[in-house]
Amino acid sequence: MDLSELSADLRSEFDAKTEARERALASARSAVRSCGNAIRALHRHETLGATQLLDAAQGEIDSARASLEGHEDIRYTGFIHDAEKELAEARITFALITDGVFPTHLSLGLPPAAFAKGMAESIGEIRRHILDLMRHGELERCEHLLGAMDDMYYVLVSMDYPDGITFGLRRLTDVARSLIERTRGDYTTSVIQSSLQKALTDHAARLDG
């Protein structure tokens with residue numbers, strides 16, 4: 001039995017899939033790095049740099065998807081989903097920190113599960129931003145962002161679907177809830193401290209008067 005032709009066909013198919021996977025994987029990794037760097041730029045108030053990095057991440061994801069056209073069995077193995085989730089997280093974080101328009105999965109061209117998971121993870125980045133605002137005494141802005149965190153959580157907790165549909169969203173939602181509770185506690189403490197400081201300052205001013 002001569003299987004040389006079959007062997008050659010199989011090898012050709014596997015070579016093509018391997019090459020496509022390597023190209024897509026490199027692009028997906030680059031997208032994840034760009035998203036992480038964009039979030040770091042946001043926390044440093046480098047909005048323009050963050051914008052450029054987010055655009056670069058979108059381009060890398062588009063490239064990764066294009067590399068896997070005709071290879072759907074590889075397209076849905078997970079690494080593209082992870083890059084899409086990171087892009088959603090970065091885009092949502094960008095919108096909230098810059099007070100921009102809140103994106104949707106449709107406006108970003110992302111699958112709902114990747115977008116929802118990115119939303120859940122963005123809550124941790126907003127907590128970090130709120131802590132920075134607290135240190136600068138911007139409590140009114142903190143309250144606004146806390147409200148946004150609550151709004152996102154209510155959306156996430158209403159997504160009561162199996163993990164096979166949401167790919168682990170429930171666990172991330174539980175983490176988000178604990179982060180919101182901790183942030184609200186930190187915010188309450190900061191408000192109390194600010195009120196006490198103001199009362200002491202006012203009292204000292206009256207004594208001086």
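None of the figures in this text is laboratory data; all of them are computed from the coordinates on show. Quick caveat: nothing in here was measured; it's all calculated off a predicted structure. Glycine gets a Cβ as well: all are built from the backbone with ideal geometry, and neighbour counts include every protein chain shown.
For segment 104-139, the set of residues classified as more than 15 Å from ASP150 (Cα to Cα) and either among the hydrophobic types (A, V, I, L, M, F, W, C) or in contact with an Asp or Glu (Cβ under 6 Å, 6 or more places away or on another chain) (or both) consists of LEU106, LEU108, LEU110, ALA113, ALA114, PHE115, GLY118, LEU131, LEU133, MET134, LEU139, listed by residue number.
If I filter segment 57-89 down to residues being within 15 Å of the chain's Cα centre (by Cα) and of a type in the set (Gly, Ala, Ser), which single residue comes out as nearest to ALA41 (Cα to Cα)? That would be ALA57. Looking only at residues in segment 107-157 that are surrounded by fewer than 18 Cβ atoms within 10 Å (Cβ to Cβ) and β-branched (Val, Ile, Thr), which one is farthest from GLU60 (Cα to Cα)? Among residues in segment 107-157 that are surrounded by fewer than 18 Cβ atoms within 10 Å (Cβ to Cβ) and β-branched (Val, Ile, Thr), the one farthest from GLU60 (Cα to Cα) is VAL157.
For (1) touching a Lys or Arg at 6+ places or on another chain (Cβ under 8 Å); (2) under 30 Å from VAL191 (Cβ atoms), each residue gets a yes or a no:
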position: LYS85; (1), (2): yes, no
position: ALA90; (1), (2): no, yes
position: VAL101; (1), (2): no, yes
position: ALA116; (1), (2): no, no
position: ALA120; (1), (2): no, yes
position: ARG127; (1), (2): yes, yes
position: ILE130; (1), (2): no, yes
position: LEU133; (1), (2): yes, yes
position: TYR154; (1), (2): no, yes
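Kindly check whether there is at least one residue in segment 157-174 that is under 22 Å from THR47 (Cα atoms) and either in a helix (DSSP H, G or I) or not aliphatic (A, V, I, L, M) (or both). There is no residue in segment 157-174 that is under 22 Å from THR47 (Cα atoms) and either in a helix (DSSP H, G or I) or not aliphatic (A, V, I, L, M) (or both).
Could you tell me which of the residues ALA95, ALA90 is buried (at least 23 other Cβ atoms within 10 Å of the Cβ) and small (Gly, Ala, Ser)? Write out each step before concluding.
Numbers: ALA95 fails: buried (at least 23 other Cβ atoms within 10 Å of the Cβ).
Just one listed residue meets the conditions, ALA90.
Please verify whether segment 150-167 includes one or more residues that are in contact (Cβ under 8 Å) with a residue 60 or more places away in the chain and at positive phi. Yes, segment 150-167 contains at least one residue that is in contact (Cβ under 8 Å) with a residue 60 or more places away in the chain and at positive phi. Scanning segment 169-181 for residues that are of a type in the set (Gly, Ala, Ser) and more than 15 Å from the chain's Cα centre (by Cα) yields one hit, SER178.
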